[in-house]
Amino acid sequence: MAPPKKYLNYIGGKWVPSRSGKTFPNVNPADRDDVIGFFPESGAEDVSLAVEAAERAFPEWRLVPPPRRGEILLKAGLLMKERKEELARLMTREMGKVLRETRGDVQEAVDMASYAAGEGRRLFGQTSTSELRDKFAMSIRMPVGVTGLISPWNFPLAIPVWKVFPALICGNTAVLKPAEDTPLSAVELVRILEEAGLPKGVLNLVHGGPAAGEALVRHPAVRLISFTGSSEVGRLIGEHCGKTLKRCSLEMGGKNAQIVMDDADLDLALEGAVWGAFGTTGQRCTAASRIFVQENTFSRFKKMFLERARQIKIGDGMKKGVEMGPLISEVQRKRVHEYVEIGRKEGAKLEIGGGPARGKGLDKGSFYPPTVFTGAHPKMRIMQEEIFGPVTCLVPFKRFEEAIRSVNDTAYGLSSSLYSRDVNFAMKAIRDIEAGVTYINGPTIGAEVHLPFGGVKNTGNGHREAGQTALDIFSEWKTVCVDFSGKLQKVQIDVDELKHEAAENSDTPTSRSQGPGPHPA
Ligand code: NAD
């Protein structure tokens, strides 16, 4: 194995170390002896340099025609597509999810590149009417300025790209602070954008942990923070942005649920539940951590689910046939296990899993087996709090309405799913579930780049990433009016005055002969 490399920050088009010279290691979660590289441990000084570079680049970048910006993004997408396998392997090594999934992560970045590039030829605003004559009205999108982008580790390329590409196509410049557990994918993204011709300073990369993130949030020249991560950190960021009136988009945790009705296609519901609960080792914000199954189907479904979960092959995501990789780190494994202990103490029944995964080579990484509880009460912490691991609860219910109430009985509201053949249940679920995303006869996971993505309640603060709605995060609306009457026109007031004038004039014989009166011009 080659010795670990030293990686750098990217500021103003140059690769530079952190001012302190300190670094942190990036370790393969499937094999803690495999140190991938050392990355700069950045602080406020590094963040300031990056923000200043982004500030310098902004006046020119905002004037680059959006279709030209789009060409750079498209080229970056094509380069990512060309290097898909290489990027996926590197991502599996630093993040742990299986190759099939890291290929999907790269594909999502490619898709976002083409979607955002296309936006360069749209960025539609609205033309409108005016209540006054000889006046043209429209609203157009303006860039916000320097943006601060903070991402988590579970989608090392897709989540940074969901922020970087919409930010850039709208004419903003950016400082990206990726998660400290997956910094290499961010380095590759920047290298690709550099190769695609992105001008210096338009995107800057600062590695590090909470200190770097906090410095970015607090920097007064940063006009917008786009954050994806835990609700705890999101709340801190939201508080600061609230105080300083900084624009802020927060995508946070979830406690997602799948409902299986008695009339569902059970095989389909089973595959959906297994993928929803254990895909990405349960480390998805949309993971199905509560599965509600109608009472006549419950024991059959439980048997099928446990059987299938037991068969899941755990191991190094690079290896063929492996279905589930490790958790991101030992810290995360400890956290997941603590939740399992809490569940046991609260009185839920542990059906399978619930301890370090055993098997050849598994002691070298942060592996944890598929873990399933039954007998969990809705108010238990394992039913309320985000675990972010391969742990789920199977819960029976009698009536559809009861299931909907249980699904909504959490502080979060990201994703949800219903398996049923009955269109009436489907339509009611769409109407009544409190979540940003509802899938019918599909698992809780499966975002597409052209569809708005985000959640309600503690999951978000009202924005939606991806789709057209991402543009509303990364641009400011400007209303524009062009008055070509050549005189002062007063909205709301002229209309009344003209009516009065007309009334007064209607008392004179001459005005009567002039017809209905003057136009409000
Ligand atoms: P995290 O909140 O610990 O960290 C996220 C990012 O914030 C990292 O880059 C981290 O360095 C940075 N950070 C930490 N403290 C900070 C601070 N005080 N100020 C500024 N930045 C700070 O989350 P994580 O463990 O990386 O990711 C897991 C969480 O992300 C889960 O809760 C998951 O649900 C959530 N997530 C949400 C979505 C979504 O779209 N809703 C998508 C993926 C992940």
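Taken over segment 319-333, the criterion of being over 25 Å from the mean Cα position of the chain (by Cα) and either within 16 Å of the ligand (Cβ to nearest atom) or open to solvent by 40 Å² or more (accessible area, probe 1.4 Å) (or both) is satisfied by Lys319, Lys320, Gly321. All of (1) in contact with a Pro (Cβ under 6 Å, 6 or more places away or on another chain); (2) open to solvent by less than 10 Å² (accessible area, probe 1.4 Å); (3) away from the ligand (no atom under 16 Å from the Cβ); (4) not polar (S, T, N, Q) hold for Gly282 with one exception: (3). Among the residues making up segment 288-306, those that are open to solvent by less than 10 Å² (accessible area, probe 1.4 Å) and within 16 Å of the ligand (Cβ to nearest atom) are Ala288, Arg290. Taking the numbered list (1) assigned to a helix (DSSP H, G or I); (2) surrounded by 14 or more Cβ atoms within 10 Å (Cβ to Cβ) in turn, Gly389 passes all entries but (1).
Does at least one position in segment 125-137 carry a residue that is closer than 17 Å to Arg464 by Cα, more than 16 Å from the ligand (Cβ to nearest atom) and open to solvent by 10 Å² or more (accessible area, probe 1.4 Å)? No: segment 125-137 contains no residue that is closer than 17 Å to Arg464 by Cα, more than 16 Å from the ligand (Cβ to nearest atom) and open to solvent by 10 Å² or more (accessible area, probe 1.4 Å). Note on segment 286-320: residues that are within 29 Å of Ile433 (Cα to Cα), hydrophobic (A, V, I, L, M, F, W, C) and in contact with a helix residue (DSSP H, G or I) (Cβ under 8 Å, 6 or more places away or on another chain) amount to 9. Only a single item in (1) more than 8 Å from the ligand (Cβ to nearest atom); (2) of a type in the set (A, V, I, L, M); (3) not assigned by TED's automatic domain parsing to the domain that holds Ala288 is not met by Ala264, and it is number (3). The condition of being at positive phi and touching a residue at least 60 places away in the same chain (Cβ under 8 Å) holds for only one of Asp111, Asp134, Asp181, that being Asp134. In summary, Arg399 fulfils each of the numbered conditions (1) within 23 Å of Glu346 (Cα to Cα); (2) open to solvent by 50 Å² or more (accessible area, probe 1.4 Å) with the single exception of condition (1). Within segment 454-483, the set of residues being under 28 Å from Asn172 (Cα atoms), without any contact (Cβ under 8 Å) to a residue 60 or more places away in the chain and not hydroxyl-bearing (Ser, Thr, Tyr) comprises Val456, Gly462, Arg464, Gly467, Gln468, Asp472. For segment 238-251, the set of residues classified as open to solvent by less than 30 Å² (accessible area, probe 1.4 Å), more than 6 Å from the ligand (Cβ to nearest atom) and touching a residue at least 60 places away in the same chain (Cβ under 8 Å) consists of Gly238, Cys248, Ser249, Leu250, listed by residue number.
Name the single residue that is nearest to the ligand (Cβ to nearest atom) among those in segment 413-435 being assigned to a loop (DSSP other than H, G, I, E, B) and open to solvent by less than 30 Å² (accessible area, probe 1.4 Å). Of everything passing the filter in segment 413-435, Leu414 is nearest to the ligand (Cβ to nearest atom).
For Val372, the test of being surrounded by 14 or more Cβ atoms within 10 Å (Cβ to Cβ), modelled with pLDDT of 95 or more and farther than 22 Å from Asp262 by Cβ is failed.
Only one of these is within 14 Å of the ligand (Cβ to nearest atom) and not assigned by TED's automatic domain parsing to the domain that holds Val395: Ala211, Ala221, Ala196, Ala174. Name it. Please lay out each step first, then the result.
Details: Ala221 fails: within 14 Å of the ligand (Cβ to nearest atom); Ala196 fails: within 14 Å of the ligand (Cβ to nearest atom); Ala174 fails: within 14 Å of the ligand (Cβ to nearest atom).
The conditions single out Ala211.
Scanning segment 212-225 for residues that are more than 21 Å from Pro59 (Cα to Cα) and not acidic (Asp, Glu) turns up Ala212, Gly213, Ala215, Val217, Arg218.
The values are calculated or read from the model by the stated rules, or taken from the named source; none is laboratory data. The model shown is predicted, which means the values in this text are computed figures rather than measured ones. Glycine also receives a Cβ, built like all others from the backbone with ideal geometry; neighbour counts cover every protein chain displayed. Only protein heavy atoms, including side chains, enter the accessible area calculation; ligands, DNA and RNA are left aside. Shrake-Rupley method; radii C 1.70, N 1.55, O 1.52, S 1.80 Å.
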